[in-house]
1. Pop out the ³J(HN,Hα) list for the stretch 59-73 in order, Karplus 6.51 cos²θ - 1.76 cosθ + 1.60 with θ = phi - 60°, rounded to Hz; leave Gly and Pro as x.
2. Any idea of Y71's accessible area? Nearest 10 Å², probe 1.4 Å.
3. Among the trypsin sites (Lys or Arg not before Pro) in the stretch 38-106, which ones are in a DSSP loop with at most 15 other Cβ atoms within 10 Å of the Cβ? Mind listing them?
4. For an R0 of 35 angstrom, estimate the FRET efficiency from the Cβ-Cβ distance between Q79 and Q58 and round to the nearest 0.05.
5. What does the accessible area of D22 come to, in Å² to the nearest 10, when a probe of 1.4 Å is used?
6. Give the ranking of Y103, Y94 by solvent-accessible surface, highest area first, calculated with a 1.4 Å probe.
7. Between their Cα atoms, which of K38/K118; K40/K118; K63/K118; K63/K121; K63/K133; K30/K118 are more than 18 Å away from each other?
Amino acid sequence: MKRIISSLLVSGLTFSVIADDDVTLQDCTKYESTHPEKAKKFLMCLDGNINLLERHRQTWITKLLLDTKKYQADTGNTQILPIMERALRNQEEYMEDSCRWRYLLDMPNATRSATAYKNCKIAFLKAHIIELKSSKVLKEDLNLQ
């Protein structure tokens, strides 16, 4: 049992170190074009930024879940984790649907639609990372005794 807790603490510290680094996104504006062939590089650049943000977001989610499990073990409060997991699922669905309607709004221009979708996803991911970083569970002032 002690070994499991220590490994969780070590992995939590690792996530803490990783998660504190801000993500530097590639500047995709230099590739921006309305021509479908030239826009391919722009869309690939946006995809790279989305992948980077999704990895960074997942790191924060993992850290938050680990910290919440530790908080749950320390306090016995078992209500937080299921609600948090449901909120994360719902946030993912909300982000996807919100960006999907923006995609459909710009159809039939596939390039403009894809650009709108990807920019929307980037904005949502950035906002969600900021929200995850500000979680009270991640802060050390929980007054655990």
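The values are calculated or read from the model by the stated rules, or taken from the named source; none is laboratory data. Only a predicted model underlies this, so the values are computations on that prediction, with no experimental measurement involved. Methodologically, a virtual Cβ is constructed for each residue, glycine included, from the backbone with ideal geometry; neighbour enumeration extends over all protein chains shown. Accessible surface is based on the protein model in full, side chains and every heavy atom, while ligands, DNA and RNA are left aside. Shrake-Rupley method; radii C 1.70, N 1.55, O 1.52, S 1.80 Å.
1. Once rounded to whole Hz, the list reads 4, 5, 5, 4, 4, 4, 5, 4, 5, 5, 5, 5, 4, 4, 5.
2. Solvent-accessible area, nearest 10 Å²: 50 Å².
3. Hits after loop and neighbour filter: nothing returned.
4. 0.90
5. Here the residue's solvent-accessible area equals roughly 110 Å².
6. Accessible-area ranking of Y103, Y94, largest first: Y94, Y103.
7. K63/K118; K63/K121
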